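A.B. asks: Sharing a structure with you now.
The values are calculated or read from the model by the stated rules, or taken from the named source; none is laboratory data. The structure displayed is predicted, hence computed values, not measured ones. With ideal geometry, Cβ positions are generated from the backbone for all residues, glycine too; neighbour counts draw on all protein chains shown.
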Amino acid sequence: MNKHPNYTLLKVKKHRGMEGEGFNALLALSSDKKVIAEVMDEGSGGPLFIRPTDKVKYAQFVSYVASQSVTYDLGDGRGPVEITTEREGCVIEEILEAFEWQKLIARASKTSIVFRLKEDPNDSYRKVPLKGRAKDELVKAIYKKYPTAEILSQ
């Protein structure tokens, strides 16, 4: 799920870097797809490179990021810690995760009804294969068995 619904990434291209996966993308407004910055992660362990293409809209993005609580769980038992530097890059990474999640759900939805329960972790889903069955009948069966189900299929 996108924590930042006013922004999206366009033309995402991933590549292998020296220390993991990198990507190139365009940061845009969700409403009209107006590009506000070019973004590049070399995959070298360093920060994102951000080149604003619309300085006014990018300044609004920076203000938006400043107003958000940006946290990250380091997995050391302390829980989420507040990020104080590279905040724009962290928010763009969250937008990328949401983009990839939507792509994954769209792919799984081609052959299955995709859903999750309220108690499921946010990064998981369940699916029931279509196998020639009608989508609306499967959705009814899912709701009958799991009243708290959230259908993710498009």
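A.B. asks: Enumerate the pairs (first residue in region 45-65 and assigned by TED's automatic domain parsing to the domain that holds Lys14; second residue anywhere and among the aromatic types (Phe, Trp, Tyr) and surrounded by 14 or more Cβ atoms within 10 Å (Cβ to Cβ)) with beta-carbon separation below 7 Å, excluding pairs fewer than 6 apart on the same chain, so at least 6 apart or on different chains.
C.D. replies: The qualifying pairs are Pro52/Tyr58; Phe61/Tyr7.
A.B. asks: State all residues of region 1-30 that are surrounded by fewer than 14 Cβ atoms within 10 Å (Cβ to Cβ), touching a residue at least 24 places away in the same chain (Cβ under 8 Å) and farther than 17 Å from Val91 by Cβ; if no residue qualifies, say none.
C.D. replies: If the condition is that a residue be surrounded by fewer than 14 Cβ atoms within 10 Å (Cβ to Cβ), touching a residue at least 24 places away in the same chain (Cβ under 8 Å) and farther than 17 Å from Val91 by Cβ, then His15, Arg16, Met18, Glu19, Gly20 are the ones that fit.
A.B. asks: Just one of the numbered conditions (1) β-branched (Val, Ile, Thr); (2) more than 17 Å from the chain's Cα centre (by Cα); (3) at pLDDT 90 or above is not true of Ile92; which one?
C.D. replies: Among (1) β-branched (Val, Ile, Thr); (2) more than 17 Å from the chain's Cα centre (by Cα); (3) at pLDDT 90 or above, Ile92 violates only (2).
A.B. asks: Residue check, Tyr72 against (1) in contact with a helix residue (DSSP H, G or I) (Cβ under 8 Å, 6 or more places away or on another chain); (2) surrounded by 14 or more Cβ atoms within 10 Å (Cβ to Cβ), all met but one. Which one?
C.D. replies: (2)
A.B. asks: Please find, within region 47-88, the residue that is nearest to the chain's Cα centre (by Cα) out of those that are assigned to a loop (DSSP other than H, G, I, E, B) and of a type in the set (Gly, Ala, Ser).
C.D. replies: Going through the qualifying residues, I end up with Ser69.
A.B. asks: Ok, one more. I'd like to know if region 1-19 contains one or more residues that are among the aliphatic types (A, V, I, L, M), part of a loop (DSSP other than H, G, I, E, B), at pLDDT below 90 and closer than 30 Å to Lys118 by Cβ.
C.D. replies: Yes, because at least one residue in region 1-19 is among the aliphatic types (A, V, I, L, M), part of a loop (DSSP other than H, G, I, E, B), at pLDDT below 90 and closer than 30 Å to Lys118 by Cβ.
A.B. asks: Identify, from the list Ala149, Ala141, the residue that is out of contact with any Phe, Trp or Tyr (no Cβ under 7 Å at 6 or more places or on another chain) and at pLDDT 90 or above.
C.D. replies: On the way: Ala149 fails: out of contact with any Phe, Trp or Tyr (no Cβ under 7 Å at 6 or more places or on another chain).
Criteria check complete, one pass: Ala141.
A.B. asks: Here is a further query. Can you report the number of residues in region 108-154 which are in contact (Cβ under 8 Å) with a residue 24 or more places away in the chain and either over 30 Å from Glu94 (Cβ atoms) or in a loop (DSSP other than H, G, I, E, B) (or both)?
C.D. replies: 12
A.B. asks: Now, a different point. Given the options Ser44, Ser31, name the one that is in a loop (DSSP other than H, G, I, E, B) and either within 23 Å of Ile105 (Cβ to Cβ) or of a type in the set (Asp, Glu) (or both).
C.D. replies: None of the other options fit; the residue is Ser31.
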